[in-house]
Every structure is written in C-alpha cells, then in structure tokens.
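Computed from the coordinates by the stated procedures, all read-outs in this text should not be read as laboratory data. Here the structure is a predicted model, which is why all the values come from computation and not from measurement. In this analysis, Cβ positions are derived from the backbone assuming ideal geometry, glycine residues included, and neighbour counts consider all displayed protein chains.
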Amino acid sequence: MTKAESGRIIEALAERREGSRWVLSCDGQDFNMNASEAPEDLNEGDRLKVFLHPDRRGNLVATSRLPRIEAGSYGWAEVIDIDGRDGIRTDIGSSVEVIVNPKDMPQLKELWPEPGDCLYMTLRTDKGGNLFGRLITEERIKEEYVDAPASLFNKNLKARAYRLLPVGAFMLSEPQKYRIFVHHSEMKFEPRLGQEVEVRVIGIRDDGSLNGSLLPRKEERIGDDAETVLRYLNGAGGKMPFTDKSRPEEIEEMFDMSKASFKRALGKLLKERKIVQEDGWTYLKDAQRDS
C-alpha cells in the first residue's frame, strides 16, 4: 500500500461530507478535501484515488484531480512561468502547481525553459512536507528510456532536452521515450531545457540510446543554402562579387556558411540555370551586367 504522504497518489475512503469539504481516511489518517476537488457523484462510503499535497497552512489535503507524476515517478511537467528568484512554476496535470528551484536550471539564462516547454521531473518534499520538482538525473534516466530499434536510423523524432552540457544535449523523444544525445557540432542552435525540437537519428548505440542531429539532411541544407544565396542576389540588384573562388573567410562572414556549402549551393543554382558567373562575379540569369 502506498504511504499516505505529500506528493503521493493513494486510495482513500470518503467518510463524510462536512459543509464544503469531504473528510477522507486512509491507513488510520484523516484528510480534508474541498468539495470542488471531489467527483460530483461522490458518496459516503465510496473509495477513490486522490493526490495528497500541503495547503497554504501546511496541512495535508487531498484532490481527486490526479497529476501525471507523483513522488517516485517521472514525467513531463509543463512550464507555466519563470521567476528567477522563486523558481519555475510547472503544471503537473492536477490543481496543484509545483516549483522547480532556479539552481537546477542551466547557468546561461537564455537556455532556461519558457512557458510551454516541459521539464522531465519527479516530485520531492522538504522537511515541512512542501512539494517541489526535481529534474531527472543521468543515473535515473537509465530506468526511464526504452531501447531504440535499428529501423529508426535517419528518421526524424520529436524530442525535448532534459540535460544540457557544454558538449551537447541529452534528450528524450515523445511519446516513445528514446534517449538521444546531440553533440554540439550537430546543432545549428542550442535548444532550451525542455524545448521541443525535431531530431534526426544519425546513430544507434549499443546501450539502446541514439545519436541525433539538429542539422538538416545534406540535400535539405543545399536547398536552404541556395535560397540564402538567391535572397542575397535579389537584395543586391542581381549581382555579387562572390564565386566558388572566393575566400572561405569572406563567405563565412557574408553568408554564415562554409565554403564547401557555398560551392554546393552555387552548383545547384548553376545546374538549375538561375545564375551565371563571369569575371569573378555571380549574376542572376536575367540580371543586367555592367558594361
């Protein structure tokens, strides 16, 4: 039998109703539950599952609105709002909101979650019985993720980061709970903690976890890079002093891409006959040349 304590879901007996509250009992203990937190069809003598939590005075009370997670289990909690001093307020699927300590957040504030992001966490209680959220640890995640099949290679998955490190991000996919590591070299941007992103699977590891990438596939990247070059040409009057012979530093500074990527983009546009190159310049096909 689950112990009747803060943060737990238990089965209780509806002893009686006293005005706007119900008195419940479990394992020799009595708990109050506001009538607004009870099922409408609740009767004396019924047994029901409830979630125990402290009220504003620190008394242990119950609600029949069961959360997605409880003490001892892990799951996603949606971020409601952020307060750098008081903490990150989360929705666990109940009428009770839970705070996560700011000290558990990344050092860089821009990597903190935003409202709508989700944190993979459990519930803990302090000495006073107050609830707070605790993010999952790398040791505990081993019991949460499932082994990924080899058929996932090169597939795209929706995932959220549960741990951020200088070398990369550890993620869990939804809803399957595949564990994915994305090295920083495979990121076009660094995701926030709990932000949902689309990850491409680039490797299956022996421990059943995955390696992933936030970069598009090569053919998709060529298309994106070609669009970048076209936008530049259109904005520059149809011509630019850059070709496949330009210096890598110039290309990086102007287009934010490597020379190899730039050359592939030009090759695509030349093949499609959208550009021409003459005397160290690149022109849109129908652009007027200087005399």
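Brief remarks on what is shown
- Based on alpha carbons, the Rg and Dmax found for the range 166-291 are 18.9, 65 Å.
- Ranked by how many other beta carbons lie within 10 Å on average, peptides 22-34, 229-241 from highest: 22-34, 229-241
- Point-to-point label distance, Glu114-Asp279, nm (Cα→Cβ direction, 7 Å offset): 4.8
- Size descriptors for the range 219-284, from the alpha-carbon set: Rg then Dmax equal 10.5, 30 Å.
- Whole-Hz ³J(HN,Hα) from phi, Karplus 6.51 cos²θ - 1.76 cosθ + 1.60, for the range 116-123, glycine and proline x: x, 6, 10, 10, 8, 8, 10, 10
- Options Ser6, Cys26, Leu172, ranked by Cα towards positive dipole end of the chain, top entry (Cβ charges): Leu172
- Nearest-20 debye value, the chain charge dipole, Cβ charges on Lys, Arg, Asp, Glu: 780
- Rg(Cα)/(2.2 N^0.38 Å) for the range 26-117, N = residue count: 1.31
- Note on the chain: dipole from Cβ charges, positive end direction compared against Leu266, Pro115, Pro39; the farthest Cα belongs to Leu266.
- Crossing angle, helix 218-235 versus the chain [Cα axis fit, 0-90 degrees, rounded to tens]: 60
- Helical runs (DSSP H, four residues minimum) scored at -39500 (n - 2.57) apiece and divided by the length of the chain put the mean residue ellipticity at 222 nm at -4500 deg cm²/dmol.
- Ratio of the Cα radius of gyration of the chain to 2.2 N^0.38 Å, where N counts its residues: 1.46
- Scanning residues 5 or more positions from Ile92 or on other chains, those with amide H under 5 Å from its amide H are Val98, with H placed 1.01 Å from N in the peptide plane.
- The residues neighbouring Lys142, those whose beta-carbon lies less than 10 Å from its own, together hold a net charge of -3 under the Lys/Arg +1, Asp/Glu -1 convention.
- Around Arg205: net Lys/Arg minus Asp/Glu count, Cβ-Cβ under 11 Å: -2
- Rounded if a/c under 1.5, otherwise prolate or oblate - the range 75-135, Cα gyration tensor axes: oblate
- Listed by chain and number, the lysines whose C-alpha is less than 29 Å from the C-alpha of Lys259, apart from same-chain residues fewer than 8 away, are Lys155, Lys188, Lys218, Lys239, Lys245, Lys268, Lys271, Lys274, Lys285.
- Under conditions of 20 °C and 1.002 mPa s, the range 9-63 yields 195 µm² s⁻¹ as its translational diffusion coefficient, taking Rh as the Kirkwood radius over Cα pairs in the Stokes-Einstein equation.
- Normalising by residue count, the range 79-194 has a Cα convex hull of 128 Å³ per residue.
- The residues neighbouring His183, those whose beta-carbon lies less than 15 Å from its own, together hold a net charge of +3 under the Lys/Arg +1, Asp/Glu -1 convention.
- Length gained on full extension, Arg231 to Ser151: 25.0 nm, using 0.36 nm per residue less the C-alpha separation.
- Among Asp104, Asp256, the order by Cβ neighbours within 10 angstrom, fewest to most, reads Asp256, Asp104.
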